[in-house]
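Colleague: Handing you a structure now.
The values are calculated or read from the model by the stated rules, or taken from the named source; none is laboratory data. Source: prediction; values computed, not measured. For neighbour counting, all protein chains shown are included, and Cβ atoms are generated from backbone atoms with ideal geometry for every residue, glycine included.
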Amino acid sequence: MPTYTFVVNGKPVTVDAPADLALLWVLRDKLGVRGPKFGCGIGVCRACTSHLNGAEIQPCVTPVAECAGQEVTTIEGLASGEDLHPVQEAWLEQDVAQCGYCQPGQIMAAAALLRTKKEISDEDVDRIANVCRCGTYFRIRQAIKSAAAKM
Amino acid sequence: MTCDNEVPVPAAGAPVRRRRFLTFLVAAPVLTVAVPGTAEAVIPTLPQPAEILDLGDVLILAGTPTAGALAVLSVGEDGVVTLDLPRAEVGQGITTACAMLVAEELDLPLGQVRVTLADARPELLMNQLTGGSNTMRSVYGPIRQAAAAARARLLAAAAEQHGVEVSGLSTRDGAVILPDGRPVLYGLLTSAAAQLTGVFAAQPKPASEHRLVGTPQSRIDARAMVTGQFRYTLDQDVPGAMPTVVRRPPTINGSVKSVDSAVARAMPGVLAIGVVPTGVAVVAETFGQAMAARDALKVTWNPGTIDALSDKEIRAKLKAATLPFVVPPLLTQHLDMEFDFAFVSHAPMETNSAIADVRDDRAEIWAGLKSPIVARQTIAAAIGLPESAVTVHVMQGGGSFGRRLFFDAAIEAAQISKALRRPVKLMWSRTDDMRHGRARAASHHKLRATFALGNVLTFEHRVASVETDFRHGLGEVLTATAASLPVAGNLSFAQTVFLTTCKVPYNFGVVTSLLNEVPLRMHTGSWRSVYSANTRGAEEVLVDQLAAKMGKDPVAFRREYLKTARQRAVLNKVVAEGDWGRAMPKGFAQGIAFHDEYKSCTACLVEIDARDPQNPRVVKAVIAVDVGRPINPRGLEAQMLGGLTDAISTTLRAGLHIDKGLPLEGSYSQFHYARQKDTPKDVRIFVMPATGEPGGAGELGVPAAVGAIANAYARATGVVPRSFPIIFPVDFEPFPR
């Protein structure tokens with residue numbers, strides 16, 4: 001089985017895995033990084049949303065081979081130690097999470113958006129297609145706007 | 001260690017451990033209400049039973065004999081108070097609300113309360129079921145009583161230690177305050193308090209003294225969730241439990257005829273493959289490898305149980321099963337309407353999942369379970385172990401909406417673990433969850449209102465629904481068995497639920513609501529608000545049309561016919577805050593509706609943009625809610641927001657198409673649950689002031705919002721919707737079976 005070396009949340013890792021094994025399962029089942037969640041396996045619910053070199057990806061449809069030599073950031077790597085990312089702070093301020101299962105992906109999607117854009121419009125928020133089955137969307141919208149205002 | 005004289009003492013020979021914690025098991029005063037032998041026995045034969053006894057009351061009555069044992073509190077030497085809660089947290093915020101009750105009663109900072117979810121506790125009988133919007137209603141008394149008793153015991157310990165009278169003591173910030181003002185932290189008293197003998201019952205604070213309960217608080221588990229540290233079932237590491245998936249049949253309830261696993265077995269990472277009653281289980285080193293091997297299996301299948309049925313046949317069966325009206329429309333004016341509602345997947349984000357470790361002499365199960373006692377009893381029977389040898393841990397779930405009342409993943413994981421003789425971590429794929437999981441039953445509705453001289457004389461509603469499965473009973477095996485009896489079993493249960501939840505809140509003269517169910521051998525289950533979303537949603541559409549026919553404004557009409565001032569107050573609140581009747585551009589419209597259940601009531605006013613009738617969006621929502629006594633208004637608002645999104649989804653776009661024995665939808669790209677772009681940019685929720693005891697909240701938000709959205713759509717487009725979801729094409733290529 002081939003070997004792949006990349007960085008996860010600032011730490012180098014090396015894994016043996018088939019080239020087409022989805023990053024999600026490398027993270028969850030081989031590395032014990034459980035923040036990214038399985039929701040669909042085809043990149044449509046976006047519960048697993050994480051970052052590859054700072055840009056949004058869905059690890060459930062990202063083959064591990066594509067990550068070789070790259071930097072993967074999951075929800076666990078978003079904060080700086082105990083200092084939460086402004087998006088995480090905004091999520092607490094708005095008390096967004098209900099069941100919480102989709103929220104790592106929602107937060108990572110919002111954080112990726114805010115890396116590229118400082119002024120956030122409602123249309124920008126509308127383009128975040130992550131499913132929240134508890135239906136917390138309005139609080140997500142408020143949290144993203146609040147985080148944008150503070151960043 | 002958790003022991004005192006009121007908790008079962010370790011058996012002789014068990015190691016004697018130091019008493020470190022004060023634990024309360026028995027605290028409530030003795031309650032003397034008998035348990036109904038069967039649920040239907042308590043239903044009076046009155047036109048509107050839910051007004052006299054609702055489902056929550058039934059559940060509370062069933063739980064009353066064990067209410068005193070419900071709340072298990074431990075006071076740690078670190079001052080942290082832990083509540084082991086025999087309910088399931090699935091996102092509804094009950095652990096936070098319960099922590100608030102404990103903190104309030106013990107005068108403790110909220111941050112010093114932990115809430116854990118109790119394992120299955122069979123001694124609780126019918127009092128470990130999370131459903132019927134009933135948690136806060138059923139625990140409000142017992143948790144406060146347990147905490148008050150714990151406080152009394154801590155006060156007694158402080159009095160003894162410091163040689164003072166209890167009457168001179170008070171409590172504040174997690175400490176007993178001595179007469180001279182010195183604080184003694186609870187943690188320093190717990191050991192002594194645990195050794196006290198005697199009964200320390202105490203009255204909880206009157207609500208008028210509440211300082212925390214009733215104020216908006218954030219979720220106690222929020223930080224763990226936003227940092228990715230929160231652990232759901234599949235995030236647990238159980239030694240040896242490896243990723244497991246199941247290849248399932250092409251139609252519901254099909255079974256394996258033959259399997260060729262040669263290719264799959266040779267694939268990388270594959271550890272074990274075996275046939276189980278529900279399909280072919282594959283265990284591998286990662287879920288990705290397990291799913292790849294699952295797809296490589298060559299399986300032939302026996303037929304399922306509804307192979308011949310598609311939506312068309314099911315709808316015809318429902319129409320044929322709809323009971324006739326009583327009142328002929330002869331001498332009066334009348335309005336008849338019919339509605340259809342499609343099947344709807346629960347589709348919680350966390351798919352059906354469980355960990356099971358079954359050995360020859362014992363088994364241990366981990367899963368998100370809303371009825372863990374009957375799960376334990378059923379699993380024990382399925383794997384041939386005594387109940388006492390099966391431990392069932394309740395994990396916090398990634399959503400439920402009724403889904404986790406059933407424990408099919410837990411029982412399946414146990415069967416796989418037994419068959420393959422290894423611990424397993426079972427995950428259903430999304431497609432399996434939508435196609436072979438459970439769903440809200442499709443229903444057909446026929447309504448008739450008669451009126452004369454400006455008065456509504458009669459109101460009849462006939463509901464025909466595909467059978468909603470209630471075979472979880474009241475959470476334990478006796479009522480589950482009653483619900484499974486071939487004659488009347490599930491139907492009696494269904495009638496009870498229908499009659500104890502659905503009520504018409506208006507003075508419409510003679511009102512009759514009747515349910516008939518069509519039993520189909522497919523997987524259904526209660527879906528947030530059970531019958532009310534469809535039944536009350538349809539009624540609220542009829543109310544708008546009836547108002548129009550009688551020449552009245554929808555709000556004025558509802559004000560006139562609502563039964564109580566409390567109901568009118570929530571309606572008036574949204575009318576005022578939502579600016580009812582304001583001018584709107586063409587293609588936009590407001591819609592309003594009202595709902596009353598479980599001692600709570602709510603009104604919802606929405607604005608819809610339906611300029612393109614095939615692409616409508618709810619752009620604004622104003623909701624008022626009166627739950628009698630809100631424990632955590634912030635959590636209550638979250639529940640109402642969730643109910644609104646459920647209503648937007650199921651009214652406009654989200655449903656399942658059944659085609660030859662299987663739902664076509666297999667993921668969120670096909671089952672159109674709302675996303676950000678489908679939801680309002682402006683939501684305002686108003687919580688009415690506390691007036692009494694807590695009512696239900698978890699399901700309350702759906703039905704009024706369904707009615708309001710449908711009514712807004714009708715006003716914006718001129719087309720009254722009769723079939724839900726309104727926009728429901730098969731706009732995708734279904735996944736292979």
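Colleague: Of the residues B:Gly587, B:Gly591, which is in contact (Cβ under 8 Å) with a residue 60 or more places away in the chain, small (Gly, Ala, Ser) and buried (at least 22 other Cβ atoms within 10 Å of the Cβ)?
Modeller: Exactly one of B:Gly587, B:Gly591 is in contact (Cβ under 8 Å) with a residue 60 or more places away in the chain, small (Gly, Ala, Ser) and buried (at least 22 other Cβ atoms within 10 Å of the Cβ), namely B:Gly591.
Results for (1) loosely packed, with under 15 Cβ neighbours inside 10 Å; (2) closer than 30 Å to A:Cys134 by Cα, shown as yes or no for each residue.
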residue: B:Ala262; (1), (2): yes, no
residue: B:Gly269; (1), (2): no, no
residue: B:Gly274; (1), (2): no, no
residue: B:Val282; (1), (2): no, no
residue: B:Thr286; (1), (2): no, yes
residue: B:Thr300; (1), (2): yes, no
residue: B:Ala308; (1), (2): yes, no
residue: B:Ala321; (1), (2): no, no
residue: B:Pro324; (1), (2): yes, no
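Colleague: Separate question: I need the full set of residues from the stretch A:124-150 which are among the aliphatic types (A, V, I, L, M) and more than 9 Å from chain B (Cβ to nearest Cβ), in order please.
Modeller: Once the filter is applied, which keeps residues that are among the aliphatic types (A, V, I, L, M) and more than 9 Å from chain B (Cβ to nearest Cβ), the stretch A:124-150 yields A:Ala143, A:Ile144, A:Ala147, A:Ala148, A:Ala149.
Colleague: Answer yes if at least one residue in the stretch A:7-23 is closer than 26 Å to B:Ser218 by Cα, within 10 Å of chain B (Cβ to nearest Cβ) and surrounded by fewer than 24 Cβ atoms within 10 Å (Cβ to Cβ), and no otherwise.
Modeller: Scanning the stretch A:7-23 turns up no residue that is closer than 26 Å to B:Ser218 by Cα, within 10 Å of chain B (Cβ to nearest Cβ) and surrounded by fewer than 24 Cβ atoms within 10 Å (Cβ to Cβ).
Colleague: Hey, A:Ala109 hits all of (1) within 30 Å of B:Arg684 (Cβ to Cβ); (2) over 13 Å from the mean Cα position of the chain (by Cα) but one; which does it fall short on?
Modeller: The one condition A:Ala109 does not meet is (2).
Colleague: Which of the following residues is buried (at least 24 other Cβ atoms within 10 Å of the Cβ), outside the structural domain of B:Pro204 (by TED's automatic domain parsing) and either closer than 17 Å to B:Met395 by Cβ or not hydrophobic (A, V, I, L, M, F, W, C) (or both): B:Gly93, B:Gly132, B:Gly63?
Modeller: B:Gly63
Colleague: If we only count helices (runs of 4 or more DSSP H) wholly inside the stretch B:267-386, which ones have 2 or more residues that are of a type in the set (Gly, Ala, Ser), within 14 Å of chain A (Cβ to nearest Cβ) and more than 22 Å from B:Glu476 (Cα to Cα)?
Modeller: Counting at least 2 such residues, we get B:287-296.
Colleague: Could I ask something else about it? For the stretch B:144-168, give me each residue that is within 19 Å of B:Val102 (Cα to Cα) and touching a strand residue (DSSP E or B) at 6+ places or on another chain (Cβ under 7 Å).
Modeller: B:Ala146, B:Ala147, B:Ala149, B:Ala150, B:Arg151, B:Arg153, B:Leu154, B:Leu155
Colleague: Now for a separate question. Restricting attention to the stretch B:231-260, which residues are surrounded by fewer than 22 Cβ atoms within 10 Å (Cβ to Cβ), under 16 Å from B:Asp408 (Cα atoms) and of a type in the set (Lys, Arg)?
Modeller: Hits for the stretch B:231-260: nothing passes.
Colleague: Can you confirm whether the stretch B:164-174 contains a residue that is without any contact (Cβ under 8 Å) to a residue 24 or more places away in the chain, of a type in the set (Val, Ile, Thr) and either part of a loop (DSSP other than H, G, I, E, B) or not assigned by TED's automatic domain parsing to the domain that holds B:Leu196 (or both)?
Modeller: The answer is yes; a qualifying residue exists.
Colleague: Across the stretch B:684-713, what is the number of residues that are more than 23 Å from the chain's Cα centre (by Cα) and buried (at least 21 other Cβ atoms within 10 Å of the Cβ)?
Modeller: The total comes to 4.
Colleague: Next up: Pairs only if they're at least six apart or on different chains, beta carbon under 8 angstrom, first in the stretch B:287-307 and of a type in the set (Asp, Glu), second assigned to a loop (DSSP other than H, G, I, E, B) and surrounded by fewer than 18 Cβ atoms within 10 Å (Cβ to Cβ); list them, first residue then second.
Modeller: If the second residue must be assigned to a loop (DSSP other than H, G, I, E, B) and surrounded by fewer than 18 Cβ atoms within 10 Å (Cβ to Cβ), the pairs left are B:Asp307/B:Lys660.
Colleague: Which of the numbered conditions does B:Gly174 fail, given that it passes all the others? Conditions: (1) more than 14 Å from chain A (Cβ to nearest Cβ); (2) under 30 Å from B:Gly437 (Cβ atoms).
Modeller: Result: B:Gly174 fails condition (2) only.
Colleague: Looking for something more than 18 Å from B:Glu637 (Cβ to Cβ), at pLDDT 95 or above and more than 7 Å from chain B (Cβ to nearest Cβ) - is there at least one such residue anywhere in the stretch A:90-99?
Modeller: no
Colleague: What are the pairs, 6+ residues apart or on separate chains, where a residue within the stretch B:91-112 that is free of Cβ contacts under 8 Å to residues at least 12 places away in the same chain and within 13 Å of another protein chain (Cβ to nearest Cβ) has its Cβ under 9 Å from a residue that is among the hydrophobic types (A, V, I, L, M, F, W, C) and surrounded by fewer than 24 Cβ atoms within 10 Å (Cβ to Cβ)?
Modeller: Matching pairs, first to second residue: none at all.
Colleague: Scan the stretch B:629-648 and give yes if some residue there is among the aliphatic types (A, V, I, L, M) and closer than 30 Å to B:Thr251 by Cβ, otherwise no.
Modeller: No; the residues of the stretch B:629-648 include none that is among the aliphatic types (A, V, I, L, M) and closer than 30 Å to B:Thr251 by Cβ.
Colleague: Which residues, taken from the stretch B:601-634, are within 18 Å of B:Val687 (Cβ to Cβ), of a type outside the set (A, V, I, L, M, F, W, C) and crowded, with 24+ Cβ neighbours inside 10 Å?
Modeller: Within the stretch B:601-634, B:Thr602, B:Asp626, B:Pro630, B:Asn632 meet the criteria.
Colleague: Which number in (1) facing another protein chain (nearest Cβ under 9 Å); (2) over 25 Å from B:Gly91 (Cβ atoms); (3) touching a residue at least 40 places away in the same chain (Cβ under 8 Å) marks the one condition that A:Met1 misses?
Modeller: Going through (1) facing another protein chain (nearest Cβ under 9 Å); (2) over 25 Å from B:Gly91 (Cβ atoms); (3) touching a residue at least 40 places away in the same chain (Cβ under 8 Å) one by one, A:Met1 breaks only (3).
Colleague: Among A:Ser80, A:Ser121, which is the only one that is more than 10 Å from chain B (Cβ to nearest Cβ) and within 24 Å of B:Ala222 (Cβ to Cβ)?
Modeller: The unique qualifying residue is A:Ser80.
Colleague: Can you confirm whether B:Val166 is under 20 Å from B:Val75 (Cβ atoms), exposed (fewer than 15 other Cβ atoms within 10 Å of the Cβ), out of contact with any His (no Cβ under 9 Å at 6 or more places or on another chain) and away from chain A (no Cβ under 14 Å)?
Modeller: Spelling it out, B:Val166 is indeed under 20 Å from B:Val75 (Cβ atoms), exposed (fewer than 15 other Cβ atoms within 10 Å of the Cβ), out of contact with any His (no Cβ under 9 Å at 6 or more places or on another chain) and away from chain A (no Cβ under 14 Å).
Colleague: Note down all Cβ pairs under 6 Å where the first residue falls in the stretch A:80-97 and is under 14 Å from A:Met108 (Cβ atoms), the second is of a type in the set (Ser, Thr, Tyr) and assigned to a loop (DSSP other than H, G, I, E, B), and they're at least six residues apart or on different chains.
Modeller: Filtered contacts from the stretch A:80-97: A:Val96/A:Thr136.
Colleague: Still on this model: Restricting the search to the stretch B:104-129, which residues are assigned to a helix (DSSP H, G or I) and either surrounded by fewer than 24 Cβ atoms within 10 Å (Cβ to Cβ) or touching a Cys at 6+ places or on another chain (Cβ under 7 Å) (or both)?
Modeller: B:Leu106, B:Leu110, B:Gly111, B:Gln112, B:Pro122, B:Glu123, B:Leu124
Colleague: Are there any pairs, at least 6 apart or on different chains, whose C-beta atoms fall under 7 Å, with the first in the stretch B:664-683 and within 7 Å of chain A (Cβ to nearest Cβ) and the second in a loop (DSSP other than H, G, I, E, B) and of a type in the set (Val, Ile, Thr), and if so, which?
Modeller: Correct list of pairs: B:Ser667/A:Ile42; B:Ser667/A:Val44; B:Tyr668/A:Val44; B:Tyr668/A:Val131; B:Ser669/A:Val44; B:Tyr673/A:Val131; B:Arg675/A:Val131; B:Gln676/A:Ile128.
Colleague: Ok, one more. Let me spell it out: the conditions are (1) closer than 30 Å to B:Gln92 by Cα; (2) assigned to a helix (DSSP H, G or I); (3) without any contact (Cβ under 8 Å) to a residue 24 or more places away in the chain, and B:Asp237 meets all of them except one. Which number is the exception?
Modeller: Among (1) closer than 30 Å to B:Gln92 by Cα; (2) assigned to a helix (DSSP H, G or I); (3) without any contact (Cβ under 8 Å) to a residue 24 or more places away in the chain, the lone unmet condition for B:Asp237 is (2).
Colleague: Condition test on B:Thr332, is it touching a Phe, Trp or Tyr at 6+ places or on another chain (Cβ under 8 Å) and farther than 28 Å from B:Pro243 by Cα?
Modeller: Here the answer is yes, as B:Thr332 does meet what is asked.
Colleague: Taking into account only those residues within the stretch A:33-77 that are among the basic types (Lys, Arg) and either at the interface with chain B (Cβ under 8 Å from one of its Cβ atoms) or in contact with a Cys (Cβ under 6 Å, 6 or more places away or on another chain) (or both), which is surrounded by the most Cβ atoms within 10 Å (Cβ to Cβ)?
Modeller: Here the residue is A:Lys37.
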